[in-house]
1. Can you go through V310, V246, V274 and tell me which one is open to solvent by 10 Å² or more (accessible area, probe 1.4 Å), assigned to a helix (DSSP H, G or I) and at pLDDT 95 or above?
2. Select from the range 188-197 the residues that are touching a residue at least 24 places away in the same chain (Cβ under 8 Å) and open to solvent by 40 Å² or more (accessible area, probe 1.4 Å) and write down the one among them that is farthest from the chain's Cα centre (by Cα).
3. Considering R98, R177, R110, R185, which residue is in contact (Cβ under 8 Å) with a residue 24 or more places away in the chain, open to solvent by 40 Å² or more (accessible area, probe 1.4 Å), in contact with a Phe, Trp or Tyr (Cβ under 7 Å, 6 or more places away or on another chain) and not hydrophobic (A, V, I, L, M, F, W, C)?
4. Could you please give the count of residues in the range 10-51 that are assigned to a loop (DSSP other than H, G, I, E, B) and of a type in the set (V, I, T)?
5. Please determine, by comparing only the residues of the range 9-23 that are over 29 Å from the mean Cα position of the chain (by Cα) and open to solvent by less than 70 Å² (accessible area, probe 1.4 Å), which one is modelled with the lowest pLDDT.
6. Residues of the range 124-165 being of a type in the set (S, T, Y) and under 17 Å from the mean Cα position of the chain (by Cα), which ones?
7. Suppose we keep only residues that are over 23 Å from the mean Cα position of the chain (by Cα) and touching a residue at least 24 places away in the same chain (Cβ under 8 Å) within the range 249-271. Which one would you say is least open to solvent (accessible area, probe 1.4 Å)?
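The values are calculated or read from the model by the stated rules, or taken from the named source; none is laboratory data. In this text the structure is predicted, and so the values were computed from the model without any measurement. Don't worry about glycine lacking a Cβ; one is built from the backbone with ideal geometry, like all the others, and counts go over all protein chains shown. For accessibility, only protein heavy atoms count, side chains too; no ligands or nucleic acids. Shrake-Rupley method; radii C 1.70, N 1.55, O 1.52, S 1.80 Å.
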Amino acid sequence: MRVFSNPVGSGSLWFDNLATADGTPVAYDPQARAFLPTPPFCANREVIGCNWIAPEQGAFCQSCAMTALAPDPEIPDAIPNWAQTEAAKRRVLDNLGRWHWFRPEDPGVRPLFHMLAEGPTPVPMGHVEGVVTISVAEADPVLRTTRRQALKEPYRTMIGHMRHEIAHMLWWRLSLRGDFLDAFRAMFGDERADYPAALQHHYDDGPPPDWEQRFLTTYASAHPHEDWAETTAHLLHLTDIADSFVAAGLASPQLPSPSWDPYAEPDAERLIYVAASLAVGINNVNRSMGLSDLYPFVLSDVSRRKLAFVHDWLRRGAQGR
């Protein structure tokens, strides 16, 4: 993620800022990719701290307008959890906008989001024909950690959920193209395999013994749909790690140049190599503070080929190239 200029003075702004250091209200314009000091601001600014601009006074921003269902405010912690969930959504949408997804120049449909709070029953997250369902309860760090440990996952965040579930929506968009499905099946397998049966087998028996040689995560081994979603999420992880590293002004001999733009990089192998190298270095920094690795994954040759496949389609898919 980029670091942004202050539109009313010196200093920088981060993606989630609502105001400058001196307290001047600002809002992010995703079309201009810049902060502005002038309204109209999103109607959700006072409700959940949304910091994007709106097309007119009293309207929702581009991101909040995609939320068709908001959580029940009567459920404890629903609103603060929703605020964190929407913040994750804005970041992922802006990341994808660097490849023209869901921007004005994108001729395809936008995702709709059902943001649901959890009562006694957990909310299953998923995607069906353009509708992404997210449990805002996962914004709670205790609940999220409990589920991560129960599922033996090395990584579980709200941004990760957003990237994974939006990836399913991206697959649905791409599957409407005549040239995508055959290429997808050659790389990931046939997604027409029985999905509920595949998931049940995964939960009953676990991943295949050689999963690390063919998949990024154990869950990716369950079904071609989940392999795509996990691989796409990881491509977005790696690209944003590299972009944020460059934006922060950090240096590494692995960078092609100090001003390198990972989102403009056409060579998937170079992007993946650089991003993975940077992640290894940051893992080492995290360990110095007793923290978990930033990116606790190993990229096999097969996984790298799958990442390159996703990179190719995400870079050209939104505008139908």
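1. V246
2. The extreme case among them is A193.
3. Being in contact (Cβ under 8 Å) with a residue 24 or more places away in the chain, open to solvent by 40 Å² or more (accessible area, probe 1.4 Å), in contact with a Phe, Trp or Tyr (Cβ under 7 Å, 6 or more places away or on another chain) and not hydrophobic (A, V, I, L, M, F, W, C) holds for just one of R98, R177, R110, R185, which is R110.
4. Of the residues in that region, 4 qualify.
5. Of everything passing the filter in the range 9-23, G9 is modelled with the lowest pLDDT.
6. T133, S135, Y155, T157
7. Selected residue: S252.
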